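The values are calculated or read from the model by the stated rules, or taken from the named source; none is laboratory data. Every value quoted in this text rests on a predicted model; they were computed, and no experiment measured them. Cβ sites come from the backbone with ideal geometry, for glycine too, and all protein chains shown count toward neighbours. These area figures cover heavy atoms from the full protein model, side chains too; ligands, DNA and RNA do not enter into them. Shrake-Rupley method; radii C 1.70, N 1.55, O 1.52, S 1.80 Å.
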Amino acid sequence: MSPSASSDRPIVELNDVAKSFGAVKALDGVDFSVRPGECVGVVGHNGAGKSTLMQVLAGTLAHDRGEVRLNGDVVAASDHSVARAHDAGIRCVFQELSLCPNLTVAENTRLRHGSIRGFGWRRQAARLIATKLDEIFPDHGISAGAVVGDLSIGRRQMVEIAANFSATESEPRLVILDEPTSSLDQQVASQLLAYVKRFVEAGGSVILISHILGDIFGTCDRIAVMRDGLIVEERPADKFDRHSLVASMGHVTDEDTPAPQSQASESQRRGEPIVSARPPRQTDDQRLELHPGEIVGLAGLAGHGQTALLRLIHNAARHRSRYASVNGKIAFVAGDRQADGIFPLWTIGQNVTVRSLSALSRLGLLEKGREREMEDRWRETLKIRTPDMGDNILTLSGGNQQKALFARALASDAEIIAMDDPMRGVDVGTKREVYERIRQEAENGRAFLWYTTEFDELVNCNHVYVFRNGLIAADIERDQLSEQKVLHASFEGEAA
Amino acid sequence: MTTKRSAAGLAGLARSAPWLFSFVGALVIFAVTLAANNWSGAGQIITAALSFGAFYAIVGIGQMFVITTGPGNIDLSVPATIALAGAIAMTTMGGSDAMILPGLAAAIAAGFLIGSFNYLLIWLLRIPPIIATLSSSFIVQSLAIVYGRGLRIAPPPFLAEIATGRVLGVPILAIVTILLAVVMAVVLHRSVYGRSVTAIGQNINAADLAGVRVGTMRFATYALSACFAAFCGVMLAAFSGGASLNMGEEYLLASIAVVVIGGTSVAGGFSNVSGIWGAALFLYLLITMLNTLGVGAGLRQIFTGVIIVAVITLAGGRKKGRG
């Protein structure tokens, strides 16, 4: 990688760029540029326009207004394409992963790199991706021959990142990372951020979108704050502090607020649990228990059996299971929205009410009025940003889609809500609203099973089970919870 | 993915009124046929189209629910079910008006059993639906041959009257089938069952996690399709003066064609009932037109195939919002 240091010309430059989706103005006149050798952080709440901005940069969306320049040349909206952006050296790692699950890691790599061809292309591609994975994530443990669909979401993300950073004929000059660390556990995330620094020092450029402000401060040279489709602040990173950055995002928040004391104390942990379950491979008598009104956390590194147990419990509510007994109705909040949550052909409203169909019907027929009423009530309650619940679900930004999935579960008659790391890529403000809502619901007697990869979320729980290798490795009560303990339980026996 | 402006208008229409194309197509073909006929015989053509279209529509509605449950779901046992159900009904009725209801019940029950068997293969043995329904159709067809060989029992007079009679020039069977279509449209769009089926067709995994009873709903769908085929078999036997073993043959292609031409997405999760009627008329009128123009049977089949491919191509470009 040897970009000519003499040219300080921006790799990409946007002037007054706008983009609308129907009535929603996702971008409303944005000026933005990235020069070689810098890392730019982009922060903002859900629906602020970050993902749209990145899609315009990557050529996946055409802008409605304004000017896009790649390496100084103006590109017309009709000409702007992924191929064009790719030629300019722009690579993009999106929140929604774009690997083909039925192909191997090496085959997916080949799809990104057209110049690998001829006999032995699989081997060439395997070497390319393995080298890059080793460089970014030492000890990654991913085989180039593994089928992507069999990998955990964290590992898929690692492959996606490595594939975008690897160079064949055309080198990556600007890599866009959209919430790259949200599905990675902390150790892998720090490996990635360290690599980003090396990449930028060598003259490459990176745009980093993250809700983890520590990542942004630790990695970026410059930070752009987005709100309502505009860049409202743009300064060198050292001219921001945590407080001023959060303040400019528009939500009045206080990062240092101690975690609210939950009402339910351990003394309430008596009587019959409504959920009692153990992972199939658990050999000791450790069990996960959930009582009414409790919030129980499932912690540990990503992909260590938490989701599998949630699904097992979800199925056990309907069919008998040897491993779990569930005395109540259960609703599921998906973390992997595309695979487990969204019905892409339906309206926002239909996506919300699907869990409550029998409750909204009489003699098997849905009552339109009551359905409408439920949709509007939950739009208000969770502040889903849309002019009309009758719009297609895909008109919403990722965070608002997630709110719709929350509404689906909370609007239902379920006494138990299972949450599969649902806050991935959701902004601080929305998170707080949802946490508050969960606490209220718990006080009213609902019980929550909450798988999360973020330690900050565990403080909302009454009780935490830490998972390791598909087993419950530790059982921690609320007043003894510490990050140290969770980490210790997650790593014990593995670290040399 | 870039949005192509030019196709946006047509695609938008395909989404908001997917049934429109089949009716427009039917009208165009009707006009061409009339022109070739020197603008005479319109009444006759319409009556015949309604009569024959009704049979297409009956099997099409059942097939539509199956296709709605998602890619790979299809019921190939329709022709065999028609043959067996027709034979059972005619035998049970024995030409007597008093036995119409028991005979109809026996035929529908046979359909229900066939549908259950189909889903049993799919669910228990995890066979793809296309293979499961095809293999069960061989079994059913063999049963029909054993059971109905040399069978020549005339339908009860009252049933024959329903199948062939008219009220004010409109075939009774068409009226019955239109009512049936209205009921099934309500079921598709307004019932818990219909909503569940469209959910399964879009994302079976998400449907399961959203509390939809996926197994029960898929079972009901295959059973429903076979029951509709059985009903079609009874009416077809009544219409043609008795059951015959090959009377279901043309309904395999037709049942799928009317669903697709009617604007239902072959990818599942997006369907409508009214388009099936439009497509049924279209399909019959197309055959009439080709006949009128003196086109042979082989060429007719080719035309039908080409039209189905063309419709899938036109309606297939499903647009999504932002990624």
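Condition check ((1) under 19 Å from the mean Cα position of the chain (by Cα); (2) not small (Gly, Ala, Ser)) across all residues:
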site: B:Gly169; (1), (2): no, no
site: B:Ile175; (1), (2): yes, yes
site: B:Arg190; (1), (2): no, yes
site: B:Thr198; (1), (2): yes, yes
site: B:Tyr222; (1), (2): yes, yes
site: B:Met247; (1), (2): yes, yes
Worksheet item: Applying the selection to the stretch A:74-107, what residues are in a loop (DSSP other than H, G, I, E, B), open to solvent by 20 Å² or more (accessible area, probe 1.4 Å) and over 26 Å from A:Ala144 (Cβ atoms)?
Response: A:Ala76, A:Ala77, A:Ser78, A:Asp79, A:Ser81
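With respect to B:Ala243, is the statement that it is more than 14 Å from chain A (Cβ to nearest Cβ), part of a helix (DSSP H, G or I) and touching a residue at least 24 places away in the same chain (Cβ under 8 Å) true? Step through it out loud before you land on a result.
Working: more than 14 Å from chain A (Cβ to nearest Cβ): yes; part of a helix (DSSP H, G or I): no; touching a residue at least 24 places away in the same chain (Cβ under 8 Å): yes.
No.
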Item to complete: Run down B:Ala36, B:Ala57 and say which single residue is over 22 Å from the mean Cα position of the chain (by Cα) and of a type outside the set (Ser, Thr, Tyr).
Response: B:Ala36
Worksheet item: If you check B:Ala243 against the conditions, is it among the aliphatic types (A, V, I, L, M) and at pLDDT 85 or above?
Response: yes
Practice prompt. Test B:Ala109 against the criterion of being open to solvent by 20 Å² or more (accessible area, probe 1.4 Å) and at negative phi, and give yes or no.
Written response: yes
Worksheet, complete the sentence: Restricted to the stretch B:189-209 and to residues being open to solvent by 10 Å² or more (accessible area, probe 1.4 Å) and more than 7 Å from chain A (Cβ to nearest Cβ), the residue nearest to B:Ile67 (Cα to Cα) is B:Thr198
Worksheet item: Going by the structure shown, is B:Ala163 assigned to a helix (DSSP H, G or I), within 8 Å of chain A (Cβ to nearest Cβ) and either more than 20 Å from B:Ala49 (Cβ to Cβ) or in contact with a Leu (Cβ under 6 Å, 6 or more places away or on another chain) (or both)?
Response: no
Worksheet item: Residues of the stretch B:152-180 being in contact with a helix residue (DSSP H, G or I) (Cβ under 6 Å, 6 or more places away or on another chain), touching a residue at least 40 places away in the same chain (Cβ under 8 Å) and among the aliphatic types (A, V, I, L, M), which ones?
Response: B:Ile153, B:Leu159, B:Ala160, B:Ile162, B:Ala163, B:Leu173, B:Ala174
Worksheet entry | Candidate set from the stretch B:210-227 (those that are under 20 Å from A:Glu371 (Cα atoms) and open to solvent by less than 10 Å² (accessible area, probe 1.4 Å)); member that is farthest from the other protein chains (Cβ to nearest Cβ) | B:Val212
Practice prompt. Hey, can you tell me all the residues within the stretch A:116-152 that are touching a residue at least 24 places away in the same chain (Cβ under 8 Å), open to solvent by 40 Å² or more (accessible area, probe 1.4 Å) and either assigned to a loop (DSSP other than H, G, I, E, B) or among the hydrophobic types (A, V, I, L, M, F, W, C) (or both)?
Written response: A:Pro138, A:Ser143, A:Gly145, A:Val147, A:Ser152
Practice prompt. Please indicate, with yes or no, whether at least one residue in the stretch A:158-179 is within 18 Å of the chain's Cα centre (by Cα) and either open to solvent by 40 Å² or more (accessible area, probe 1.4 Å) or at pLDDT below 90 (or both).
Written response: yes
Worksheet entry | Residues of the stretch A:44-73 satisfying the condition of being in contact with a helix residue (DSSP H, G or I) (Cβ under 9 Å, 6 or more places away or on another chain), modelled with pLDDT of 85 or more and either open to solvent by less than 30 Å² (accessible area, probe 1.4 Å) or polar (S, T, N, Q) (or both) | A:Leu57, A:Ala58, A:Gly59, A:Thr60, A:Leu61, A:His63, A:Val68, A:Leu70
Response to the item:
Considering residues that are open to solvent by 20 Å² or more (accessible area, probe 1.4 Å) and either in contact with a helix residue (DSSP H, G or I) (Cβ under 6 Å, 6 or more places away or on another chain) or aromatic (Phe, Trp, Tyr) (or both), the number found within the stretch A:412-436 is 1
Discussion item. Filter the stretch A:76-120 down to the residues that are small (Gly, Ala, Ser), in contact with a strand residue (DSSP E or B) (Cβ under 9 Å, 6 or more places away or on another chain) and more than 14 Å from chain B (Cβ to nearest Cβ) and list them by number.
Written reply: A:Ala88, A:Gly89
Worksheet item: Among (1) open to solvent by 50 Å² or more (accessible area, probe 1.4 Å); (2) in a helix (DSSP H, G or I), where does B:Val140 come up short?
Response: (1)
Practice prompt. Could you check, for the stretch A:325-337, whether at least one of its residues is open to solvent by less than 10 Å² (accessible area, probe 1.4 Å) and away from every other protein chain (no Cβ under 12 Å)?
Written response: no
Worksheet entry | Pick from the stretch B:228-240, criterion of a type outside the set (A, V, I, L, M) and open to solvent by 10 Å² or more (accessible area, probe 1.4 Å), ranking: modelled with the lowest pLDDT | B:Ser240
Practice prompt. All but one of (1) among the aliphatic types (A, V, I, L, M); (2) surrounded by fewer than 15 Cβ atoms within 10 Å (Cβ to Cβ); (3) more than 14 Å from chain A (Cβ to nearest Cβ) hold for B:Val183, so report the exception by its number.
Written response: (3)
Discussion item. Name the single residue that is farthest from B:Thr177 (Cα to Cα) among those in the stretch B:15-52 being in contact with a strand residue (DSSP E or B) (Cβ under 8 Å, 6 or more places away or on another chain) and of a type outside the set (A, V, I, L, M).
Written reply: B:Thr47
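Taking the stretch A:153-198, which residues are of a type in the set (Ser, Thr, Tyr), assigned to a helix (DSSP H, G or I) and either without any contact (Cβ under 8 Å) to a residue 12 or more places away in the chain or farther than 14 Å from A:Cys39 by Cα (or both)? Quick ask: steps written out before the conclusion?
Of the residues in the stretch A:153-198, the ones of a type in the set (Ser, Thr, Tyr) are A:166, A:168, A:170, A:181-183, A:190, A:195.
This time we only want the ones that are assigned to a helix (DSSP H, G or I), so: A:190, A:195.
Selection gives A:Ser190 alone.
Do we find a residue being in contact (Cβ under 8 Å) with a residue 12 or more places away in the chain, within 22 Å of A:Gly154 (Cα to Cα) and charged (D, E, K, R) anywhere in the stretch A:92-108?
Yes: one or more hits.
Going by the conditions given, is A:Leu290 away from chain B (no Cβ under 14 Å), buried (at least 19 other Cβ atoms within 10 Å of the Cβ) and at pLDDT 85 or above?
yes
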Practice prompt. Return a yes/no flag: does the stretch B:103-126 have any residue that is farther than 17 Å from B:Cys227 by Cβ, at pLDDT below 95 and touching a Gly at 6+ places or on another chain (Cβ under 8 Å).
Written response: yes
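Filter the stretch A:412-443 down to residues that are among the aliphatic types (A, V, I, L, M) and touching a Gly at 6+ places or on another chain (Cβ under 7 Å), then give me how many there are. Outline the logic, then answer.
Kept after step one, since they are among the aliphatic types (A, V, I, L, M), are these residues of the stretch A:412-443: A:414, A:416-419, A:423, A:426, A:428, A:434, A:438, A:442.
Filter again for touching a Gly at 6+ places or on another chain (Cβ under 7 Å), leaving A:416, A:426, A:442.
Residues flagged as among the aliphatic types (A, V, I, L, M) and touching a Gly at 6+ places or on another chain (Cβ under 7 Å) within the stretch A:412-443 amount to 3.
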Worksheet item: Which one is nearest to A:Leu345 (Cα to Cα), of the residues in the stretch A:375-406 that are more than 12 Å from chain B (Cβ to nearest Cβ) and of a type in the set (A, V, I, L, M)?
Response: A:Met389
Item to complete: Taking only the stretch A:352-366 into account, find how many residues are open to solvent by less than 50 Å² (accessible area, probe 1.4 Å) and at the interface with chain B (Cβ under 9 Å from one of its Cβ atoms).
Response: 9
